[in-house]
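To keep things clear, I will list the structure first and then write my remarks on it.
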Amino acid sequence: MIRTILLTILLAASGSAQIEPFAAVARNTFLDLLKLPAEHPQVQVLSHGTRTEDGLRIEDISWTSLDGEVVPAYIVMPENPSGRLPAIVCLHGSSGSRESMVTKEFGPGEWARYGREETHTRMLGWARELARRGYVALAMTQRGLDRRGPPINTQSNVLLTQNRTGMGAVLHEIRQAVTYLSRRSDVDPKRIGATGLSFGGITSFYIWVIDDRVAAAAPICGGVGSVATFARKGSISYHGTYWWIPGMLAKGDQADFAAAIAPKPLMLWAPTEDIAMPKEAVDEFIAKVRPAYERAGNPGAFVVHQQPGVHSLSPEAFEAMFAFFQKEM
């Protein structure tokens, strides 16, 4: 039980070498919940062309995932890098795509969700901006979103009948992205991070849990806090089938897994009015996780931003995320 492991961590002497076995158990336990193997997945990436714009190199890539799914992504990086660079897997929310993350425009702007004419305001071009600031950004369109139909909730329902999970299928593709980045000659494999908004926030958190190659993660409005508390007090219909992982609470809540992974760097952007997770649940997460980082000897590696605000990737959230990765990777 992860809760028992957490108690052991809290009683253990500090030191990441002593805590690592608990992290391995947490990773393997969560992989089992997701119905995924422990081994890192392989990937064969195809390149569909490269262009240069404003001092950046943008490569259109794709790879084949589970069920013959094709994953489209962009690699955006400085045109003339010096040595191996840190890399960040960039994960959009449910109404975004790889295209919305690499627009030339950076900042809040109007974007039309695939298949709709009306626009909404969202943060545009933020993966490209990370590349402008010296990172290799991998911006991928996640399974069941944008053009990758059917919708993720429909896919999740069907996968459950096959003893699989929608979240597992999504995370398998992100693990493939990490495999690809870790073997690129221009990427430092010890400095690979993950971040994203909403749907991309929860997947960036869970990839941080299950993949030891991910050095740090910064979920933004990702529904991270307490699944148990959200089930009691949250807007239940807000999260689709993919978000609810069968059997999870029999093993531990989100904070139990995060505490077992400490002191690997983690940042949460969790506005107090975020519909994805009540403030009370985030407070519970902090109360469980912070002591684990303190005992591991690196309390500064756990950062939570709670301020008035709603569910969105704001310029302030982006700058907080950037500062976090600059410090921790």
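Every number here is computed from the coordinates shown, using simple stated rules; none is lab data. Fair warning: this is a prediction, and the values are worked out from it, not measured in the lab. Here the Cβ is made from the backbone with ideal geometry for all residues, glycine too, and neighbour counts use every protein chain on show.
Residues whose amide H comes within less than 5 Å of that of ARG113, counting only those at least five positions distant or on another chain, are HIS120 (H built at 1.01 Å from N in the peptide plane).
Shape class of segment 72-153 from the alpha-carbon gyration tensor: oblate, with a/c at 1.5 or above and b/c at least as large as a/b. For the chain, the antiparallel share of DSSP beta bridges with both residues in that region comes to about 55%.
Length gained on full extension, ALA287 to GLN162: 41.3 nm, using 0.36 nm per residue less the C-alpha separation. Calculated mean residue ellipticity, 222 nm, the chain: -11500 deg cm²/dmol, from DSSP H runs (n ≥ 4) at -39500 (n - 2.57) each, averaged per residue and rounded to 500.
For segment 23-36, backbone phi angles converted through the Karplus equation (6.51, -1.76, 1.60; θ = phi - 60°) give residue-by-residue couplings of 4, 5, 5, 4, 4, 5, 5, 6, 4, 5, 4, 7, 6, 10 Hz, Gly and Pro being listed as x. Subtracting the Cα-Cα distance of ARG183 and GLU53 from 0.36 nm times their residue separation leaves 44.3 nm of extension gain. Highest average first, the peptides 67-76, 37-46, 126-135 ordered by how many other beta carbon atoms sit within 10 Å of their residues are 126-135, 67-76, 37-46.
For the chain, rounded, prolate or oblate, judged on the Cα gyration tensor with a ≥ b ≥ c (square roots of eigenvalues), a/c < 1.5 rounded, else prolate if a/b > b/c? Judged from the Cα gyration tensor, the chain comes out rounded (a/c under 1.5). Between GLU316 and ASN153, the C-beta separation translates, for a Förster distance of 30 Å, into a calculated FRET efficiency of about 0.45. Among the listed pairs LYS35/LYS327; LYS35/LYS264; LYS251/LYS279, a Cα-Cα separation exceeding 31 Å is found for LYS35/LYS327. Starting from the Cα gyration tensor of segment 211-329, take the square roots of the eigenvalues, sort them a ≥ b ≥ c, and report rounded, prolate or oblate (rounded when a/c is under 1.5, otherwise prolate if a/b is larger than b/c, else oblate). Cα axes put segment 211-329 in the oblate bin. Approximating the spin labels as points 7 Å out from Cα along Cα→Cβ, the THR121-to-THR64 distance works out to 4.4 nm. Each peptide in 243-255, 198-210, 81-93, 99-111 receives the mean, over its residues, of other Cβ atoms within 10 Å, and ordering these scores from highest gives 198-210, 81-93, 243-255, 99-111. Relative to one another, the C-alpha centroids of segment 303-329 and segment 112-131 are positioned 18 Å apart. The ranking of ASP186, ASP256, ASP54 by Cβ neighbour count inside 10 Å, starting from the fewest, reads ASP54, ASP186, ASP256. Suppose R0 equals 35 Å; then what is the FRET efficiency for HIS40 and GLU280 from their Cβ-Cβ distance, rounded to the nearest 0.05? That gives a FRET efficiency of 0.45.
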